[in-house]
1. Could you tell me which of the residues LYS133, LYS115, LYS100, LYS140 is touching a Leu at 6+ places or on another chain (Cβ under 7 Å) and over 23 Å from PRO196 (Cα atoms)?
2. Which is aliphatic (A, V, I, L, M), in contact with a strand residue (DSSP E or B) (Cβ under 9 Å, 6 or more places away or on another chain) and within 30 Å of THR35 (Cβ to Cβ), of ILE91, ILE55, ILE117, ILE75?
3. Kindly indicate whether ARG44 is more than 25 Å from HIS74 (Cα to Cα) and outside the structural domain of HIS74 (by the TED database).
4. Name the one entry in PRO136, PRO126 that is in a loop (DSSP other than H, G, I, E, B), more than 14 Å from the chain's Cα centre (by Cα) and not assigned by the TED database to the domain that holds PHE32.
5. If you go through segment 2-46 one residue at a time, how many are of a type in the set (Asp, Glu) and over 25 Å from the mean Cα position of the chain (by Cα)?
6. Would you say ILE91 is outside any strand (DSSP E or B) and surrounded by 14 or more Cβ atoms within 10 Å (Cβ to Cβ)?
7. Here are the criteria: (1) aromatic (Phe, Trp, Tyr); (2) within 24 Å of ASP12 (Cβ to Cβ); (3) touching a residue at least 12 places away in the same chain (Cβ under 8 Å). Tell me which single one TRP36 does not satisfy.
Amino acid sequence: MNSGATFVRMMDKVLAGYEDFADSFIDDIGTFSGTWEYHIEHFRTVFDSLRQARIVAKLSECSFGYGELECLGHIAGSGYIKPVQDKVSAIRKFPVPATKRQVRSFLGLIGFYQKFIPQFSDISVPFTDLTKKNAPNKVKWSDTTQQSFDKLKDCICSDSVLRSPDFSKKFILQTDASGKGLDYVLEQEFDDGRRPIMLIAC
């Protein structure tokens, strides 16, 4: 039996019932609250559950009271989620691909953050064409490909942010279909205007 999968199932049981303020990813646990008072209470609840399960948390690897944290290539907290800056910088500096392998590398890097890019499936079509099985290893770079390359970079480098949903407000779903793909944008109205909650391209 896979030890990692076993540990994940165990953590799911340890945190069962606390989904509103705690979550785990492998051996990391996140606790999130609306106020500092609730945060202290939620910490106690999580630590009590760990204690009952005889799980030890190493103090030197714990962080407390942060407004935002880095997790899985994202910065999350204070009602938003956005890409980490070192990944954004890597995308910004990515050179024009000359080979099929380099195109795949760029798509892998930018594709990880496609949820921040409206109409990602449409914009990335020239790149998927370059990586097809029968496409030559040395890519033929065109003006259209350059435009897509620049647009993808601009989208992810222009302070891309998704808001956390407010379930007391109504949701707005926008769809956009074309022969190249289908895009969904889930939005809500905030004090500073309509903002995206989730973008899906398929």
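The values are calculated or read from the model by the stated rules, or taken from the named source; none is laboratory data. Model, not experiment: these values are computed from the prediction. A quick note on method: Cβ atoms are made from the backbone with ideal geometry, for glycine too, and the neighbour counts reach across all protein chains shown.
1. On inspection, the qualifying residue turns out to be LYS100.
2. Going through ILE91, ILE55, ILE117, ILE75 in turn, just one is aliphatic (A, V, I, L, M), in contact with a strand residue (DSSP E or B) (Cβ under 9 Å, 6 or more places away or on another chain) and within 30 Å of THR35 (Cβ to Cβ): ILE75.
3. Working: more than 25 Å from HIS74 (Cα to Cα): yes; outside the structural domain of HIS74 (by the TED database): yes.
Criteria met by ARG44.
4. From the options PRO136, PRO126, the qualifying one is PRO136.
5. Taking segment 2-46 as the starting set, the residues that turn out to be of a type in the set (Asp, Glu) are 12, 19-20, 23, 27-28, 37, 41.
The next check asks that each one be over 25 Å from the mean Cα position of the chain (by Cα); those that pass are 37, 41.
Final tally of qualifying residues: 2.
6. yes
7. Of everything listed in (1) aromatic (Phe, Trp, Tyr); (2) within 24 Å of ASP12 (Cβ to Cβ); (3) touching a residue at least 12 places away in the same chain (Cβ under 8 Å), TRP36 misses just condition (2).
For every residue, the table says whether it meets (1) assigned to a strand (DSSP E or B); (2) at pLDDT below 90; (3) under 24 Å from PRO97 (Cα atoms).
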residue: LEU107; (1), (2), (3): no, no, yes
residue: PRO118; (1), (2), (3): no, yes, yes
residue: LEU152; (1), (2), (3): no, no, yes
residue: ASP166; (1), (2), (3): no, yes, no
residue: LYS169; (1), (2), (3): no, no, no
